[in-house]
Amino acid sequence: MKKAVESSGTGKKFGATQALKDISFVVNEGEIFGFIGPDGAGKTTLFRIITTLLLPDEGEMKVLGLDCRSGYKELRKNIGYMPGRFSLYQDLSVEENLHFYATVFGTTVEENYDLISGIYSHIEPFKKRLAGRLSGGMKQKLALSCALIHKPALLVLDEPTTGVDAVSRSEFWEMLKKLKPYNITIIVSTPYMDEAMKCDRVALIQDGQILSVDQPEKVRDGFSRKLFSVKAPEKYKLITALRSYPGISTAYPFGDAVHVTFKDDDFDDALYDYLDRMGITDVKITGTRAGIEDRFLELMGSKV
Amino acid sequence: MTNNTVISVRNLVKKFGSFTANDNLDFEVYQGEIFGFLGANGAGKTTALRILSGLSEPTLGEITVAGYDARKQPEQIKKNIGYMCQKFSLYGDLTVKENIMLYGGIYGMKKKLIRERTGSLLKRLRFEEYGDRLIADLPLGLKQKLAFLVAVLHEPKIVFLDEPTGGVDPVTRRQFWEMIYETAAGGITVFVTTHYMDEAEYCDRVSIMSEGKIVALDTPAELKKQYQVKTVEEVFIKIARPGKKPG
């Protein structure tokens, strides 16, 4: 398999802040590769290095077979980048923005229209409208169209779904999937853990370091403990009580349940007695399957 | 949670010119309840939130918040609620203590009381040594938790949270929800908007808005049962945007 991005030991400092530390990963050609992590994890810094907008202090970063330092001129022609902040020209219309980006990259909208038609058709009825006057979801679609119009080999999307509602988010992932036949490598970042499952492979990132890289199912199944779901009507009382139970290893709220691991990996009836003494009624404890967020929490915990 | 109504909305309509942003909303929220207010972008959540917090006047309807009429007594409402949003919460160029002092002062609290609550607040966050640090120098997660505690510093009847957990790490997100549980258990109503559908499952009840109307309102368990799905996210995707219009 050809490699689209190869990072070994990439590091970046801003003053005393270590934004990225010893970042190593490989992105294969044609993959949808996700970086999953909270704000401040270093996702944007890493994407700026990949797109040659920022130089690393340490390590080696090869993109599309070229060094990110010496190959930047060639690379910029072959990368499409959608930054986290909306960066199109607000005072140009929808179609003017699209034509502008096509022209800058020495192509035309007609030449690569088939690539963007599935996305652009949603906003084409509004093509005369100024970009600054579009809704959030429409801006997102225009930005993606502009990043794709020169048929890049590598598409880099920095938090395209942040602040977007669940319906638009799932639509956005559908659009990315439809790009598969064009063999464009897609690197995408997101703070939403559930979006990890939509990627071919993911890297979990936190505090400038990669915690894990693998297929999302494998990352999830890397959860090393037996996991239980505990439910009771009085959630706050339940969490507080569980936390002070001696046999508990971790207890995190997950929706209407608390996800719990035990020091001995299992529990006995003493737990029911204890919860009963604490005045917690209608307790339900069942074994449950770990999700990607459980694994992220486990990896964060082991790092501290 | 109790059966005392702290927010009562009857036939709320808000129009901007010919556009109806809120179309006949009808609901109640109870004391100590965690109420999730969901909807697609542009569904009208922010408009309703602004009316409930006394910042905007309804076109029609009878709205009572914390015992006050939203049309006639918006200033009284403001004094009895807390508000926090993701985008702006605290002043970056003031220290932690200065921010607490400022907000306490705005809500008319006595200096002595502010000082007392500052102490217990910092202790609660295990944060005592950071009192003199500038907000701008704090990590995002800590800032969000602090912003929440500042929003309930004056012990309001209701606290409105507008996407409070955007972008924070999963551990912090959970600590944040535990603070919400604790607050609600203490009798303060928590009214929260979020784009994280898994967070909707933490709420006692959720409402889902679409095109200016409330199209669903119930406990997460009941909604999932009604639409025969496993998650609130699936409920949301089924009903939040019936027309699936672009944008």
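Each reported figure results from applying straightforward, stated rules to the coordinates on display, with no laboratory input. Remember, predicted model here, so these are calculated numbers, not experimental data. No Cβ is skipped: glycine too gets one built from the backbone with ideal geometry, and neighbour counts run over all protein chains shown.
Brief remarks follow.
- Rounded is the label for the stretch A:228-288, because a/c, from the alpha-carbon gyration tensor with a ≥ b ≥ c as root eigenvalues, stays below 1.5.
- Here r is the Cβ-Cβ distance between A:VAL109 and A:ARG277 and R0 is 56 Å; the resulting FRET efficiency, rounded to 0.05, is 0.20.
- 3J(HN,Hα) from dihedral phi, the stretch A:283-292, Karplus parametrisation 6.51/-1.76/1.60, rounded to Hz, x for glycine, proline: 7, 10, 10, 9, x, 9, 8, 5, x, 5
- Low-density loop cleavage sites - GluC sites (Glu not before Pro) in the stretch A:41-145, where at most 13 other Cβ are within 10 Å (DSSP): A:GLU110, A:GLU111
- Rough spin-label spacing in nm, given labels placed 7 Å along Cα→Cβ, for B:THR219 and A:GLN18: 4.8 nm
- Residue-wise HN-Hα coupling along the stretch B:51-57, computed from phi with Karplus coefficients 6.51, -1.76, 1.60 (Hz; x: Gly, Pro): 5, 5, 9, x, 8, 8, 8
- Remark: for residue pairs A:LYS231/B:LYS230; A:LYS139/B:LYS145; B:LYS145/B:LYS238, the C-alpha separation exceeds 23 Å in A:LYS139/B:LYS145; B:LYS145/B:LYS238.
- Cα centroid of the stretch B:107-157 to Cα centroid of the stretch B:167-237, whole Å: 25 Å
- 5 angstrom amide H check on A:SER93, placed H, neighbours 5+ away: A:ALA131
- Least to most buried among B:PHE160, A:PHE105 (fewest other Cβ within 10 Å first): A:PHE105, B:PHE160
- Counted by Cβ distance under 9 Å from B:LYS87, the other residues give a net charge of -2, where Lys and Arg count +1 and Asp and Glu count -1.
- Other-chain or far-sequence residues with amide H under 5 Å of A:VAL283's (modelled H): none
- Highest-MSF residue in chain A out of A:ASP256, A:ASP221, A:ASP57 [GNM, Cα springs under 10 Å]: A:ASP256
- Whole-Hz ³J(HN,Hα) from phi, Karplus 6.51 cos²θ - 1.76 cosθ + 1.60, for the stretch B:124-136, glycine and proline x: 4, 8, 6, 9, 3, 6, 9, x, 9, 7, 6, 4, 4
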